[in-house]
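Written below as structure tokens is the structure these notes are about.
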Amino acid sequence: MAERYVMSIDQGTNSTRCILFDHRGRLVSVAQREHQQHFPRPGWVEHDAVEIWHNLQRVVPEALSGAGLDAGQVAAIGLANQRETTVLWNRHTGAPLGRAIVWQDTRTGPLVEEFGQRPGEEFFLERCGLPPSTYFSALRIRWLFDHVKGLEQRAKDGEVLFGTIESWLIWNLTGGADGGLHITDPTNASRTMLMNIRTLTWDEELLSFFGVPRSMLPEIRSSAELYDDARALLPGVSITAALGDQQAALFGQTCFSPGEAKCTYGTGSFLLLNTGNDLVRSRNGLLTTVAYKIGDQQPVYALEGSIAVTGALVQWFRDRLGLISSAPEIETLARTVEDNGGCYIVPAFSGLFAPHWRSDARGVIVGLTSYITKGHLARAVLEATGWQTREVVDAMNADSSLALTQLKVDGGMTADNLLMQFVADVLDVPVVRPMVAETVSLGAAYAAGLAAGYWPDLEVLRRNWHRAGQWLPDMDPERRQWEYENWQRAVERSLGWVRPPRPS
């Protein structure tokens with residue numbers, strides 16, 4: 001019988017990838033396409049959901065042909081997706097009602113101010129584990145209702161569907177307007193501000209508060225179970241998993257035990273700590289989120305520290321300042337100096353996420369003297385990622401009885417050895433990177449393969465994990481503390497920068 005494989009669809013912020021994995025969790029074939037980023041106004045970020053669906057229709061056949069396979073050799077399909085990005089579409093025609101509003105978009109800022117005051121942050125934390133922030137989906141739905149004439153009534157009449165990107169893709173894969181399946185999973189639903197974090201069902205009080213009709217919401221199913229067979233693109237192949245991308249990375253890193261943590265270093269960085277079946281309420285600026293739910297098992301929870309700008313700071317250094325011509329060059333430039341020369345960069349380009357949650361912050365460079373060179377700036381760029389990681393880890397250690405003993409890392413920035421050594425130094429724990437860097441895709445594949453019986457249990461997946469790199473801490477404790485205090489002083493200077501609009 002022909003060898004079978006698991007297909008992972010990773011629909012990310014910048015691109016859509018299709019990857020095939022074998023029984024040992026090895027990457028067999030990959031195809032990828034970028035989609036356009038739309039910035040119609042300052043702070044607005046949008047994607048074209050139809051373009052993303054069309055890209056998926058291209059990458060799936062490319063991945064299959066790259067490995068010389070046909071659809072019959074695909075045992076199951078798992079999806080991972082950029083979270084919080086909001087798509088509304090017409091139930092009858094399948095056409096999106098405008099572009100998708102992306103997780104980075106900050107247009108809902110005024111609503112955050114309003115909702116933070118009434119009924120107050122505690123109302124939300126108690127129900128969904130999230131503070132009011134421009135990050136989450138419910139506020140985008142509310143904003144659209146307030147700004148698109150007639151939309152709210154059409155939603156109440158049952159004409160409009162809402163979903164994050166995995167819901168949109170699964171709906172299209174399973175028939176679209178002709179009976180497509182409208183579902184989500186708890187990892188994505190837990191990022192909407194509409195799901196009760198304990199019951200994993202849509203919360204009536206939150207729906208009522210935001211004015212979101214239940215009829216537009218997808219059904220919440222487990223992260224790994226048989227959803228349905230695809231009708232488009234891969235007819236007859238079972239779709240068996242969906243996970244938000246950061247939860248998929250936790251799963252791909254095989255962080256299945258309480259206390260195990262991973263950080264994905266990409267455009268932003270996302271540190272997740274498995275807290276098991278315990279729902280830990282953060283008192284230190286972290287998010288309580290669902291890590292995964294396998295079939296009818298108890299949900300597993302996580303604490304998450306979301307950092308908005310890490311890799312994006314390197315891109316800014318390259319594209320906006322023109323001080324390097326490619327991202328890897330930043331390490332070479334940073335190595336031209338011994339230290340940061342007293343210079344710190346706080347990249348609060350759209351406010352600060354965890355653990356501060358300050359939308360009034362903006363980026364600052366502090367400690368500039370005539371001594372500073374572009375090498376010092378390059379080092380400060382990399383160190384910003386290390387210090388932001390430290391802030392999140394400190395918050396996790398304060399929130400949880402599970403002190404971090406090592407950090408598993410993945411994502412594009414882990415290729416930077418200077419940065420990874422710095423992260424190990426400032427955390428004072430070993431930092432380890434696995435053989436398979438594509439942990440988001442691997443996690444979606446693992447969940448799909450488990451649900452389809454392709455892999456028997458979590459232990460087999462653990463045995464697939466192999467270390468490719470390790471960095472051990474090697475910084476004088478006094479220097480670590482001194483530098484961290486300097487970083488914290490720099491962060492204070494970034495706060496409170498945004499003021500009400502200038503009178504016209």
Out of the residues in the range 35-66 that are farther than 18 Å from Thr106 by Cα and touching a helix residue (DSSP H, G or I) at 6+ places or on another chain (Cβ under 8 Å), state the one that is most open to solvent (accessible area, probe 1.4 Å). Gln36
Considering only residues that are surrounded by fewer than 23 Cβ atoms within 10 Å (Cβ to Cβ) and of a type outside the set (D, E, K, R), which ones fall in the range 198-215? Thr199, Leu200, Thr201, Trp202, Leu206, Leu207, Ser208, Phe209, Phe210, Gly211, Pro213, Ser215
Across the range 216-234, which residue is nearest to Gly449 (Cα to Cα) among those that are open to solvent by 20 Å² or more (accessible area, probe 1.4 Å) and assigned to a loop (DSSP other than H, G, I, E, B)? Arg221
Every residue from the range 236-273 that is open to solvent by less than 20 Å² (accessible area, probe 1.4 Å), among the hydroxyl-bearing types (Ser, Thr, Tyr) and farther than 24 Å from Leu382 by Cβ: Thr240, Thr254
Residue by residue through the range 431-467, note down the ones that are free of Cβ contacts under 8 Å to residues at least 60 places away in the same chain, open to solvent by 40 Å² or more (accessible area, probe 1.4 Å) and either within 18 Å of the chain's Cα centre (by Cα) or within 26 Å of Asp394 (Cα to Cα) (or both). Arg433, Ala437, Arg467
Report yes if Gln388 is in a helix (DSSP H, G or I), closer than 22 Å to Glu483 by Cβ, more than 21 Å from the chain's Cα centre (by Cα) and of a type in the set (S, T, N, Q), otherwise no. no
Those residues that are open to solvent by 30 Å² or more (accessible area, probe 1.4 Å) and touching a Gly at 6+ places or on another chain (Cβ under 6 Å), I need them from the range 337-354; list them, please. Gly342, Phe349
Determine if the range 75-83 includes at least one residue that is open to solvent by less than 30 Å² (accessible area, probe 1.4 Å), hydrophobic (A, V, I, L, M, F, W, C) and closer than 26 Å to Glu204 by Cα. no
For the range 67-95, what are the residues that are farther than 19 Å from Arg140 by Cβ and either without any contact (Cβ under 8 Å) to a residue 40 or more places away in the chain or among the polar types (S, T, N, Q) (or both)? Gly68, Asp70, Gln73, Thr93
Would you confirm whether any residue within the range 90-100 is among the polar types (S, T, N, Q), open to solvent by 40 Å² or more (accessible area, probe 1.4 Å) and touching a Cys at 6+ places or on another chain (Cβ under 8 Å)? no
Kindly indicate which of Gly158, Gly116, Gly98, Gly109 is closer than 25 Å to Tyr227 by Cβ and touching a residue at least 12 places away in the same chain (Cβ under 8 Å). Gly158
Can you tell me how many residues within the range 333-381 are outside any loop (DSSP other than H, G, I, E, B), out of contact with any strand residue (DSSP E or B) (no Cβ under 8 Å at 6 or more places or on another chain) and of a type in the set (Gly, Ala, Ser)? 3
Test Glu304 against the stated conditions and say whether it is acidic (Asp, Glu), outside any strand (DSSP E or B) and under 21 Å from Pro347 (Cβ atoms). no
With the requirement that a residue be touching a residue at least 24 places away in the same chain (Cβ under 8 Å), assigned to a loop (DSSP other than H, G, I, E, B) and out of contact with any Phe, Trp or Tyr (no Cβ under 7 Å at 6 or more places or on another chain), what does the range 182-215 give you? Asp185, Ser190, Asn196, Ile197, Arg198, Leu200, Asp203, Val212, Pro213
Would you mention how many residues in the range 180-197 are open to solvent by 10 Å² or more (accessible area, probe 1.4 Å) and closer than 16 Å to Leu79 by Cβ? 3
Name the pairs whose Cβ atoms lie under 6 Å apart, with the first residue in the range 349-375 and within 15 Å of Gln488 (Cα to Cα), the second of a type in the set (Asp, Glu) and modelled with pLDDT of 90 or more, and 6 or more positions between them or separate chains? Pro355/Glu391
Do we have Ala177 as at negative phi, of a type in the set (A, V, I, L, M, F, W, C) and surrounded by fewer than 24 Cβ atoms within 10 Å (Cβ to Cβ) here? yes
Leading residue by the ranking (farthest from Thr332 (Cα to Cα)) among those in the range 368-393 that are of a type in the set (S, T, N, Q) and open to solvent by less than 10 Å² (accessible area, probe 1.4 Å): Thr389
Taking the criterion of being closer than 26 Å to Ala444 by Cβ and open to solvent by 10 Å² or more (accessible area, probe 1.4 Å), would at least one residue in the range 146-160 satisfy it? no
Hits in the range 119-140 - residues which are assigned to a helix (DSSP H, G or I), open to solvent by less than 30 Å² (accessible area, probe 1.4 Å) and either under 17 Å from Asn81 (Cβ atoms) or free of Cβ contacts under 8 Å to residues at least 40 places away in the same chain (or both): Gly120, Ser137, Arg140
Search the range 274-297 for residues being assigned to a strand (DSSP E or B) and farther than 23 Å from Thr134 by Cα, and hand back the single one that is most open to solvent (accessible area, probe 1.4 Å). Ile294
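The values are calculated or read from the model by the stated rules, or taken from the named source; none is laboratory data. Everything numeric in this text was worked out from a predicted model, so none of it was measured. Reconstructed Cβ throughout: ideal geometry from the backbone, glycine too, with neighbour counts over all protein chains shown. Quick note on the areas: whole protein, heavy atoms, side chains included, nothing else; ligands and nucleic acids left out. Shrake-Rupley method; radii C 1.70, N 1.55, O 1.52, S 1.80 Å.
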